[in-house]
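We did not get these values from a lab; they are worked out from the coordinates using the rules stated. From a predicted model like this one, the values you see are computed outputs, not experimental measurements. Here the Cβ positions follow ideal geometry from the backbone for every residue, glycine too, while neighbour counts run over all protein chains shown.
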Amino acid sequence: MSTQTLEPSRSAGAAPAPVVRNWKKAVIFSVLGLVALVLCGVNAADTTVVLRLSNPGDVVELGDLSLPASTTGWVLSVLMLAIAVLAIGLTAQGRGVSGWLSAVFWIAFILAMLVWAVGHATGNSLSLPGLLGGSLALSIPLIFGSMSGLLCERSGVVNIAIEGQLLFGAFAAALVGTLAGSAWIGLLAAVLGGALVALILAAFSIRYLVNQVIVGVVVNVLVSGLTGFLYSTVLQRDTSLLNAPPRLPSFAIPVLSEIPVIGRVLFDQSVLVYLMYAVVAVLWFALGRTRWGLRTRAVGEHPQAADTLGVKVNRLRFLNVLLGGAVAGMGGAFFTLVSVSSFTNDMTAGQGYIALAALIFGRWRPLGALCAALLFGFATNLQSVLSLLGTTVPSQFLTMLPYLVTIAAVTGLVGRSRGPAASGQPYVKE
Amino acid sequence: MSPSQSQQPVPAPADGLGSAPEDGAGPPVTPPWADRPAKPTLAYRITSSPLVLSAAALIAALVVGGLLIVLTDPLVTSKMYYFIARPSDTFVAAWKSVSEAYLALFEGSVYNPAGETASQRLYPLTETLTIATPLIFAGLAVAVSFRSGLFNIGAQGQIIAGAIVAGYIGIAWELPAALHLLLVVVGAALGGAVWGGIVGVLKAKTGAHEVILCIMLNYVALNLLLYLLTTPAFQRPGSANPISPQVSDTALFPRLLGDSFRLHWGFVLAVVAVAAISWLVNRSTVGFRLRAVGANPRAAATSGINVTAGYIVVMLLSGGFAGLAGAAQVSGTERVLTGDIAGSFGFDAITVALLGRSTPWGTFWAGLLFGAFRAGGVAMQTTTGTNINIVLVVQSLIVLFIAAPPLVRAIFRLPDPAKARRRKKPRRPAASAPSTSGASR
């Protein structure tokens, strides 16, 4: 969300370039600040919101945080408005609004909305580690899915089939994991299953030059039909023998898991979560700092140029799509090996499309997609937590949020999100 | 895919003609059309036609579906244990398993010989037409967008938007019969058009990719519908489920064949829509512009066609037709507004349009075929216990095969019309190359 104003160029002798002022951020901050003032300040519930910071049994037990809804709302919205005024001032001077300032603003905004929503709910006590832990759990498949999309799209293949890769990964993990009696073999099967779906995508879109969007959509239908058919005709025949996979183990990392509030959330988790950290870190490093990454990005932006320099465009694309499928397969394994312990029909429920949205909202970058997926997971979890607390906000609108945010992102309302230039275009050597 | 596919026959003769000016500069050479087969044989013309390709794709998909049915049938797999001893048992069981399933599919979708009266025997056919109605509308919507180079995969959301408006008008307003239905239809078309128009405007103004906008708006529409069904304006009094009261009788499509069949006049409207779109796309100025934008946006812009305005028009048109599918569902088939009113018609419509090669009448027949699969799939599941999801597998395989003609040609060893010409080509330049290159120097 950092729409940066252009710095005046310092080329010797040339007249200073005109300063481009981008008012978008300042305007958005002001509007949201005023909305927060009305909602969280004026319209706050007359209660005290209790945020529980630690669970009983934690190494460091922190006390509960009691926040009077009204006062907190006023303080936070005034802080937001102050940032908005600062942003207006900075923009008027022709300087950009720094990322830190935006981060503070968004954190204040989310906190204010949280306090407002909980204040209006019937129960006023909320466990923060519970909220964050649930959010992380919901975002794991999204993160794996968006990393799959990242691998494909950065090398120029649109991956609408994330949904199918997740679903088939979940199916393969459940079936093979049960048959082998080992969650690890289930995980391996999920990786291979995801790659198999990606193979269809790659073969049809790269080999047969079928439009990538169409292959993606059709592959999703195919996987949904295939897993649905096999589930009801094979898996359900003997559930205990075919659809009861063991779980992947989870363990706490010694020191890190003792950090208050976030320690248990981040570092006392399933193996798959640590694998997710590894995948994101490796992708972040590899994409930006290795030869493979440079070539991948080149193939996604300008395949002709890459080909001229000797990169085998279609071979690299094929490889990356298969890798993407494997990564998405791991995300699928999360469904059957970690969160739920058996496969059910269409259990991914459109998560693949939200993963795609996270990728776009995260501007086709590993860390951006990670943050976006976490945000979407947070929104989804918030919705279920708030509906448990009995809030007045209709849950459907909270569900809509990730999609609306994505539309705002692709249309340039909140920072312009522009994909790889050659994404979606098959490459035919001339 | 399909836009480029429908163009496929065009480039081949075009590059044959393209060489004409070059040849004209040199000494007189054989005319560019001389290397074409004097008269293609009938067998060649049949096997290289797109219709045969579609049929081949259908057969291949049914075969794969059949294999799935066989391999998951416990009766067949139990016979496989002694396959070496008596292979015939396996084949007999496999054939029985597949033929029964596909026969049930046919009897559930076209003609049921077990029925006592003629109307009972033809009941499955009317079910097929009923289910095909929204598929045809939504398929047309997708086909129109494909023809102009846009990927409207948001038909699902547009159907929902149309259904919301149709439901609101049909339930809340009280009007005389004909007028009420007319307003429902127009309102649904407008609702869908607005939902599609959002995509068109955003694409035209900001350059955002329509596929992403469509996917996101599908979910927004679904959640909007689910929210509205919890509000007093839409929710059935005394019900906790997402279901509306019955649509007023004045707003319903009359049944086409009496009250014992669900088939309604919406189907006739769908046929009219196919004819209208066929005229619009192939005969009108607007249609010509849309096809020009789809074939080559840059060339279209150069020749004075407003491409961005074209995107908006296409999405309005496309959304409008998808909205009609919503009207057909709300006031025709279901007669209530539910959270599941759009089913998966919006996604099936993509495969319908692809199978119909984005032509209006092709979409019509593809809609009938997929309607038959849907109707027959339900019957198949009840009579032979074959899970209805097999229909999804067959449908998606058909489209995958259709989309990759080289694959189907390789499976069935069909001749490739483009390759036949290409093979001839190198011979001519090889023979005439010295003369032309000499002349140009």
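In terms of its C-alpha gyration tensor, chain A comes out oblate, because a/c is 1.5 or above while a/b does not outweigh b/c. Are any of the pairs A:K429/B:K203; A:K312/B:K203; A:K25/B:K203 more than 24 Å apart by Cα-Cα distance, and if so, which? Correct reply: A:K429/B:K203; A:K312/B:K203. Considering only the Cα atoms of chain B, their convex hull presents on average a projected area of 29.2 nm². A cut-off under 13 angstrom between Cβ atoms defines the neighbours of A:A202, and their net charge, with Lys, Arg +1 and Asp, Glu -1, is +3.
What FRET efficiency, computed as 1/(1 + (r/R0)^6) with R0 = 25 Å and r the Cβ-Cβ distance, is obtained for B:R283 and B:T41, rounded to the nearest 0.05? The formula returns an efficiency of 0.15 here.
Cα centroid distance between region B:396-410 and region B:306-376, in Å? Comparing the Cα centres of region B:396-410 and region B:306-376, I get a distance of 22 Å.
The Rg/Rh ratio for the protein assembly as shown is 0.99, where Rg is the radius of gyration of the alpha carbons and Rh is the Kirkwood radius. Its Cα centre serving as origin, chain B has a Cβ charge dipole (Lys and Arg +1, Asp and Glu -1) of approximately 1940 debye.
With the simple model of a label 7 Å out from the Cα in the direction of the Cβ, B:L62 to A:V78 spans 7.6 nm. Taking label positions 7 Å along the Cα-Cβ direction at both A:L294 and A:A103, the computed distance is 2.9 nm, reported to one decimal. Largest GNM mean-square fluctuation among A:R363, A:R207, A:R317, using chain A with Cα springs under 10 Å: A:R207. Counting Lys and Arg as +1 and Asp and Glu as -1 over every other residue whose Cβ lies under 15 Å from the Cβ of B:S278, the net charge comes to +4. Rounded to a whole number of µm²/s, how large is the Stokes-Einstein D of region A:131-374 at 37 °C and 0.692 mPa s, given Rh as the Kirkwood radius over C-alpha pairs? For these conditions, the coefficient is 183 µm²/s. The simple Förster model, with R0 at 60 Å and r as the Cβ-Cβ distance, assigns B:T302 and A:L65 a FRET efficiency of 0.40.
Fully extending the segment from A:I110 to A:Y208, taken as 0.36 nm per residue of separation minus the present Cα-Cα distance, adds 30.6 nm.
The tail of the calculated P(r) for region B:129-370 beyond 29 Å holds 25 percent of all Cα-Cα pairs. Helix B:118-147 axis versus longest C-alpha principal axis of chain B: approximately 60°, rounded to the nearest ten. Take each peptide in B:155-164, B:351-360, B:49-58, count the other Cβ atoms within 10 Å of every residue, and average; sorted highest first, the result is B:155-164, B:351-360, B:49-58.
By the scheme Lys and Arg +1, Asp and Glu -1, what is the net charge of all other residues having a beta-carbon under 15 Å from that of A:T178?
Counting the neighbours of A:T178, the net charge comes to +1.
Helical runs assigned H by DSSP (4 residues or longer) give chain A a calculated mean residue ellipticity at 222 nm of -20500 deg cm²/dmol, each run adding -39500 (n - 2.57) before division by the residue total. Each 10 Å bin from 0 upward holds the following percent of the Cα-Cα pairs of region A:195-317: 11, 20, 27, 25, 16, 1. At q = 0.11, 0.14, 0.15, 0.18 Å⁻¹ the log10 of I(q)/I(0) for region A:24-120 amounts to -0.38, -0.57, -0.63, -0.79, computed by Debye summation with a single uniform scatterer per C-alpha, solvent ignored.
Seen against the Cα atoms of chain B and their longest principal axis, helix B:307-327 is set at about 40 degrees. Applying 0.36 nm per residue to the separation of B:L71 and B:R413 and subtracting their alpha-carbon distance, the gain on full extension is 120.5 nm.
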